[in-house]
Amino acid sequence: MSLPSLREGYRAVVFGASGGLGAALVRQLAADPRCAVVHAGARTPGPPAERTRPFAFDLNDEEGLAEAAGAVAAGGPLDLVMVATGVLHGEGLAPEKTYRSLNADAFARTFAINATGPALIARHMLPVLSRESKSVFAALSARVGSISDNRSGGWHAYRASKAALNQIIRTCAIELAARNRLALCVALHPGTVDTGLSKPFQSGVSADRLFSPYDSGAHLLGVIDRLGPADSGGFFAWDGSPIPY
Ligand SMILES: NC(=O)c1ccc[n+]([C@@H]2O[C@H](COP(=O)([O-])OP(=O)(O)OC[C@H]3O[C@@H](n4cnc5c(N)ncnc54)[C@H](OP(=O)(O)O)[C@@H]3O)[C@@H](O)[C@H]2O)c1
């Protein structure tokens, strides 16, 4: 995968490099000879590899995140920042089927990772996006975060946290346009992807609609390459089609 719209020797960072999609994105960016370095952030970072510099961060540790972001930014302006973190289920956390099971702890945990976390990453990374050529901040959202597209209900906390993320992206994009005219800030929907996050919910998904992380990552990088500053603030699916908020 190549990203010809970014400058030769572009510098990338992926937050969430241990995840299904994050790992696929890191692998593809590191394989691009035009990429100088990909900083690969995770709670438990992997080993260094060609063009790949692992670093540690935890979205629940605001101070540690600021330090990690500062260390990444110290290497020079970034051309591509991808936020591939997210949570849908976990110990004591499952997407709600009814409003009767809503609880504050699930909302707090889900919002911390899916909305507040990416907002804090934006705080530290948007100011260090390159101003000399096209640069991109892209956060992985989810189509279910679209309010106008919500026809099936359920998954209250996840949906609401992704809707909040989309609003954060939109709001940051407006400010960014005034500060860096070559930069974009977008939300992306990767499709339904075969990762740990979707594993318990794949039974109703036909094989041709379930992407491998590699294929989804390639689609997303292709979309990023085709978007321009006029698209900043938008929400786009894996095939480049805009998703209404
Ligand atoms: N898979 C799909 O079908 C699908 C569909 C629509 C949208 N998405 C979105 O795509 C993104 C990536 O999802 P995925 O499918 O790749 O899921 P995944 O394999 O479960 O990866 C989730 C990532 O988030 C990280 N993370 C969770 N809590 C964290 C914390 N406190 N601090 C730092 N990192 C944390 C995980 O790190 P650890 O390894 O340390 O847990 C992991 O790297 C998510 O935003 C998801 O909502 C996925």
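The values are calculated or read from the model by the stated rules, or taken from the named source; none is laboratory data. Here the structure is a predicted model, which is why all the values come from computation and not from measurement. Don't worry about glycine lacking a Cβ; one is built from the backbone with ideal geometry, like all the others, and counts go over all protein chains shown.
Give 8, 50, 67, 62 a once-over and let me know the one that is under 19 Å from residue 223 (Cα atoms) and not small (Gly, Ala, Ser). Lay out the reasoning, then the answer.
Details: 50 fails: under 19 Å from residue 223 (Cα atoms); 67 fails: under 19 Å from residue 223 (Cα atoms); 62 fails: under 19 Å from residue 223 (Cα atoms).
When all the criteria are applied, what remains is 8.
How many residues does segment 130-154 contain that are surrounded by fewer than 23 Cβ atoms within 10 Å (Cβ to Cβ) and away from the ligand (no atom under 11 Å from the Cβ)? Explain how you work it out, then say what you get.
Let us first name the residues in segment 130-154 that are surrounded by fewer than 23 Cβ atoms within 10 Å (Cβ to Cβ), namely 130-134, 143-144, 146-154.
Next, only the ones that are away from the ligand (no atom under 11 Å from the Cβ) stay: 130-134, 146-154.
Here the count works out to 14.
Of the residues 65, 25, only one is assigned to a helix (DSSP H, G or I) and free of Cβ contacts under 8 Å to residues at least 60 places away in the same chain; which?
When all the criteria are applied, what remains is 65.
What number of residues in segment 71-91 are free of Cβ contacts under 8 Å to residues at least 24 places away in the same chain, part of a loop (DSSP other than H, G, I, E, B) and under 18 Å from residue 59 (Cβ atoms)?
In the first step, residues of segment 71-91 are kept if they are free of Cβ contacts under 8 Å to residues at least 24 places away in the same chain; the result is 71, 74, 90-91.
Narrowing the set further to residues that are part of a loop (DSSP other than H, G, I, E, B) leaves 74, 91.
Now drop any that are not under 18 Å from residue 59 (Cβ atoms), which leaves 91.
Final tally of qualifying residues: 1.
Is there any pair with a first residue in segment 185-199 that is under 12 Å from residue 88 (Cα atoms) and a second that is within 8 Å of the ligand (Cβ to nearest atom) and in a loop (DSSP other than H, G, I, E, B) whose Cβ atoms are under 8 Å apart and which are 6 or more apart or on different chains, and what are they?
195/19; 196/19; 197/19; 197/86; 197/87; 197/88; 198/88
When segment 11-54 is examined, which residues are found to be out of contact with any strand residue (DSSP E or B) (no Cβ under 9 Å at 6 or more places or on another chain) and modelled with pLDDT under 95?
Passing the criteria: only 50.
Got a number for residues in segment 189-210 being among the hydrophobic types (A, V, I, L, M, F, W, C) and crowded, with 18+ Cβ neighbours inside 10 Å?
Initial filter on segment 189-210 (among the hydrophobic types (A, V, I, L, M, F, W, C)): 193, 197, 201, 205, 207, 210.
Subset that is crowded, with 18+ Cβ neighbours inside 10 Å: 193, 197.
Number of matching residues: 2.
Restricting the search to segment 200-238, which residues are charged (D, E, K, R), over 19 Å from residue 17 (Cα atoms) and free of Cβ contacts under 8 Å to residues at least 24 places away in the same chain? If you could, list the steps in order and put the result at the bottom.
Taking segment 200-238 and keeping what is charged (D, E, K, R), we get 208-209, 215, 225-226, 231.
Subset that is over 19 Å from residue 17 (Cα atoms): 208-209, 225-226, 231.
Within segment 200-238, 208, 209 qualify.
Take the residues of segment 90-118 that are among the small types (Gly, Ala, Ser) and buried (at least 18 other Cβ atoms within 10 Å of the Cβ): which is farthest from the ligand (Cβ to nearest atom)? Reasoning before the result, please.
Quick first cut of segment 90-118, residues among the small types (Gly, Ala, Ser) only: 90, 92, 94, 101, 104, 106, 108, 112, 115, 117.
If we keep only those that are buried (at least 18 other Cβ atoms within 10 Å of the Cβ) too, we end up with 106, 115, 117.
Details: 106: 14, 115: 11, 117: 7 Å.
That would be 106.
For the structure I just gave you, tell me whether residue 196 is at pLDDT 95 or above and part of a loop (DSSP other than H, G, I, E, B).
yes
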